[in-house]
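Down below is the structure, laid out as structure tokens.
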Amino acid sequence: MASGVAAVVVAAGRGVRAGADFPKQYKQIAGEPVLRWSLLLFTQDPRIDAIQPVIHSEDQGLFQQAADRLAVLPPVYGGATRQASVRAGLEALAAGSPEIVLVHDAARPFATPALVSRAIDAVAGTDAAIPGMAVSDTVKAVDDAGNVFETLDRTRLRVIQTPQAFRFSKLLDAHRRAAAAGRHGFTDDAALAEWAGLKVAVFEGEPGNVKLTTAEDFARVQREAPLPDLRTGTGFDVHAFGEGDQVMLGGVRIPHGRGLVGHSDADVVLHALTDALLGALADGDIGVHFPPTDPQWRNAASDRFLAFAADRVRRRGGRINHLDVTLVCEAPRIGPHREAMRARIAEIAGISMDRVGLKATTSEGLGFTGRREGIAAFATATIRLPRA
Ligand code: MG
């Protein structure tokens with residue numbers, strides 16, 4: 001991928017100042033770990049073809065949760081300093097020799113895809129490009145006793161953020177030279193690049209791209225964080241009774257005096273749930289994705305339909321919050337199979353069982369369900385997508 005863009009997301013710090021009993025990059029913001037937001041940032045730009053997380057060796061379990069089903073490379077372990085951690089990420093990417101690399105601190109989860117895009121554009125024709133904000137406060141330099149000895153010209157000052165963009169080969173070379181020279185104290189990659197003689201340009205940063213450092217930072221963003229894109233979808237399905245001695249409901253085979261008629265296995269529960277998820281995504285319906293005219297879905301097990309819809313949510317960077325179903329039938333009795341159905345639905349959708357509701361009711365002898373002509377299912381799905 002000699003023409004590609006890679007990203008290194010640095011999450012190897014201990015973050016003790018954030019006041020948690022575990023590192024700040026795994027604290028939750030708007031329902032997700034900080035690191036997940038920072039990784040998601042780079043999954044949005046089609047020009048980026050490799051995302052390399054750098055983590056602490058003790059955080060493997062936290063990382064697996066934070067990066068669940070995201071298209072990122074296996075993590076590498078960082079070093080004793082931020083500089084060493086970035087270098088570990090660069091070395092891991094070296095075999096693929098990308099042309100451009102973006103280096104980003106996981107503690108900046110509010111950077112937007114537009115900033116990432118600007119970073120990639122800004123590094124064209126230079127060695128390095130970094131986002132910076134003009135300074136609105138007056139900045140003074142003080143001596144050890146706290147006395148001012150200089151008031152700096154703030155028109156020339158910029159407060160620097162990440163992601164920072166570099167020619168990959170030049171940044172890797174600079175890191176190797178710094179390590180060989182025993183220079184380990186650079187607090188960002190641009191400072192290291194400047195030391196190595198690279199040309200570093202500044203482009204416009206984002207006021208919202210704050211770095212989460214202290215417990216107060218977290219308290220403030222918890223108050224101010226925008227809600228994620230919360231959505232609810234509904235689904236409804238009916239199948240008629242016919243020949244047979246069993247029905248499939250919620251992916252569970254239930255012995256019954258009759259079967260359900262359908263092109264697939266006629267699992268009304270999984271069909272309604274599939275449509276609920278697709279509805280939440282505004283992404284068509286089960287018939288669009290699995291046309292009943294297509295012979296390959298004849299007698300198909302319906303778990304593949306629900307798994308497909310759940311995967312569509314994850315491909316959008318989303319999560320399933322909750323699935324809920326109401327079955328309407330006079331028979332079979334659902335109660336004895338409820339827990340098995342909840343467990344199977346949870347398994348297919350890749351969520352925990354406490355996020356699956358399942359109820360059943362009769363229709364008091366009224367209508368087609370009351371006449372025992374078929375089974376109906378109503379479903380809702382609640383999902384969260386990344387901020388729009
Ligand atoms: Mg159906």
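Side notes on the structure shown:
- Matching residues in the range 290-307 - criterion: being within 14 Å of the ligand (Cβ to nearest atom), within 24 Å of the chain's Cα centre (by Cα) and either farther than 14 Å from GLY233 by Cβ or part of a loop (DSSP other than H, G, I, E, B) (or both): ASP303, ARG304, PHE305
- Looking across the range 125-169, the residues that are part of a strand (DSSP E or B) and more than 30 Å from ILE48 (Cβ to Cβ) come down to LYS140, ALA141, VAL142, VAL148, PHE149, GLU150, THR151.
- Within the range 192-204, considering residues that are more than 18 Å from ALA124 (Cβ to Cβ) and surrounded by 15 or more Cβ atoms within 10 Å (Cβ to Cβ), the one nearest to the chain's Cα centre (by Cα): LEU192
- Boolean, ALA201 is away from the ligand (no atom under 12 Å from the Cβ), outside any loop (DSSP other than H, G, I, E, B), among the aliphatic types (A, V, I, L, M) and without any contact (Cβ under 8 Å) to a residue 40 or more places away in the chain: no
Condition check ((1) among the aromatic types (Phe, Trp, Tyr); (2) open to solvent by 30 Å² or more (accessible area, probe 1.4 Å); (3) in contact (Cβ under 8 Å) with a residue 12 or more places away in the chain) across all residues:
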position: ASP105; (1), (2), (3): no, no, yes
position: ARG108; (1), (2), (3): no, no, yes
position: GLY125; (1), (2), (3): no, yes, no
position: THR138; (1), (2), (3): no, yes, yes
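- Identity of the residue in the range 249-275, within 16 Å of the ligand (Cβ to nearest atom) and open to solvent by 40 Å² or more (accessible area, probe 1.4 Å), that ends up nearest to ASP311 (Cα to Cα): HIS263
- Qualifying residue in the range 339-356 (condition: in contact with a His (Cβ under 7 Å, 6 or more places away or on another chain), more than 15 Å from ASP267 (Cα to Cα), assigned by TED's automatic domain parsing to the domain that holds ALA240 and not polar (S, T, N, Q)): yes
- Residues being outside any helix (DSSP H, G or I) and surrounded by fewer than 17 Cβ atoms within 10 Å (Cβ to Cβ) - total across the range 177-191: 6
The values are calculated or read from the model by the stated rules, or taken from the named source; none is laboratory data. Every value quoted in this text rests on a predicted model; they were computed, and no experiment measured them. All Cβ positions, even for glycine, are placed from backbone atoms using ideal geometry, and neighbour counts span all protein chains on display. For the accessible areas, the whole protein counts, side chains as well, though only heavy atoms, and no ligand, DNA or RNA atoms are used. Shrake-Rupley method; radii C 1.70, N 1.55, O 1.52, S 1.80 Å.
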